[in-house]
Amino acid sequence: MQMDRRTFTASFLGGAAALAAPGARAQGTGAPPRANNVVLVHGLFADGSSWSQVIPILQAQGLNVTSVQNPLTTLEEAVAACRTVLDRQDGPTVLAGHSFSGMIVTEAGVHPKVSALVYVAARAPDAGEDYAALAARFPAPPASAGIVYDGDEGRLTEEAFLRDFAGDLPAARARVLYAVQQPFRRALLAGRTSQAAWRAKPSFYAVSMQDRTINPDLQRFMAARMGARTVELAASHVSLISRPREVAGLILQAAGR
């Protein structure tokens, strides 16, 4: 008998939870405190404008929203940029990250003003974990083959960007995003988190079911391991652009709205 998507997901998440690191705390069932602030962080191959479809939805609900400009240099500098923005917030704050910036959310999320964490097709390592080794347990996503380097700077080719990063967007829209793609430094990929905020704070995860940049099953594993409240979106890696209402809805949940 064929298993439907919901049954498969439940079975997968149950199995993934069983594989989670000993002592992992499932925070997904706790109600997050009400927050008036949201801090958003972008990942590789993008800049802060990648959240432009989500921001007005959150602002319309009365939330104070800030999109961090991730320097994409080293993990330490990226986390520092995020902490600077968090320091400016007045009261409880939801910290949300897309793609690579899940590393930043995981590290900077221990900030005392952060009330909940949201991962959007994002990395979610444990403290000190080798993310590359974790990802190697799953089939490599197609986008990995599209990364090219100019000396110390990496970026996606236009073909890979349109097909594997933003595959569910109209080509004209994807080309605009490609035009503002920010290169990243090799050193950024070598960074490891020293803390895992998801072990202590309510966490939420939006899985991109059609993702060709981070394997969807890897996303499901990480979401289950942290005990996150999880939604699955029929979207490419850039669900924050192609499915902004659903992504904003998850952030609103994390804000106790």
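The values are calculated or read from the model by the stated rules, or taken from the named source; none is laboratory data. Since the structure is predicted, the reported quantities are computational estimates derived from the model, not experimental observations. Using ideal geometry, Cβ is built from the backbone for each residue, glycine included, and neighbour counts are taken over all protein chains shown.
Which members of the stretch 188-228 meet the condition of being assigned to a loop (DSSP other than H, G, I, E, B) and among the basic types (Lys, Arg)? If you could, list the steps in order and put the result at the bottom.
Kept after step one, since they are assigned to a loop (DSSP other than H, G, I, E, B), are these residues of the stretch 188-228: 190-196, 200-202, 209-215, 226-228.
Once the filter is applied, which keeps residues that are assigned to a loop (DSSP other than H, G, I, E, B) and among the basic types (Lys, Arg), the stretch 188-228 yields 192, 201, 212.
Looking only at the stretch 49-72, how many residues end up being buried (at least 17 other Cβ atoms within 10 Å of the Cβ) and either of a type in the set (Gly, Ala, Ser) or under 18 Å from residue 131 (Cβ atoms) (or both)? Before you say what the answer is, go through the steps one by one.
Initial filter on the stretch 49-72 (buried (at least 17 other Cβ atoms within 10 Å of the Cβ)): 50-51, 53-55, 57-58, 63, 65-68, 70, 72.
If we keep only those that are either of a type in the set (Gly, Ala, Ser) or under 18 Å from residue 131 (Cβ atoms) (or both) as well, we get 50, 67, 70, 72.
So the count comes out to 4.
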Exercise. How many residues are touching a helix residue (DSSP H, G or I) at 6+ places or on another chain (Cβ under 9 Å) and without any contact (Cβ under 8 Å) to a residue 40 or more places away in the chain when one looks only at the stretch 203-233?
Worked result: 3
For this session: Tell me which residues, restricted to the stretch 73-102, are surrounded by 19 or more Cβ atoms within 10 Å (Cβ to Cβ) and either part of a strand (DSSP E or B) or of a type in the set (S, T, N, Q) (or both).
Result: 89, 93, 94, 95, 96, 97, 98, 99, 101
Exercise. Would you pick out the residues in the stretch 229-253 that are part of a helix (DSSP H, G or I), surrounded by 24 or more Cβ atoms within 10 Å (Cβ to Cβ) and not hydrophobic (A, V, I, L, M, F, W, C)?
Worked result: 239
Problem set entry | Boolean, residue 256 is of a type outside the set (Val, Ile, Thr), closer than 21 Å to residue 134 by Cβ, modelled with pLDDT of 95 or more and outside any helix (DSSP H, G or I) | no
Exercise. Regarding residue 105, is this residue part of a helix (DSSP H, G or I) and touching a strand residue (DSSP E or B) at 6+ places or on another chain (Cβ under 6 Å)?
Worked result: yes
For this session: Might you check whether a residue that is crowded, with 20+ Cβ neighbours inside 10 Å, among the charged types (D, E, K, R) and either at pLDDT 95 or above or assigned to a helix (DSSP H, G or I) (or both) occurs anywhere in the stretch 25-48?
Result: no
Problem set entry | Complete set of residues in the stretch 146-162 that are in contact with a strand residue (DSSP E or B) (Cβ under 8 Å, 6 or more places away or on another chain) and part of a loop (DSSP other than H, G, I, E, B) | 152, 157
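Here is a check on your reading of the model: is residue 81 within 12 Å of residue 41 (Cα to Cα) and over 14 Å from the mean Cα position of the chain (by Cα)? Please lay out each step first, then the result.
Numbers: within 12 Å of residue 41 (Cα to Cα): yes; over 14 Å from the mean Cα position of the chain (by Cα): yes.
Yes: the conditions hold for residue 81.
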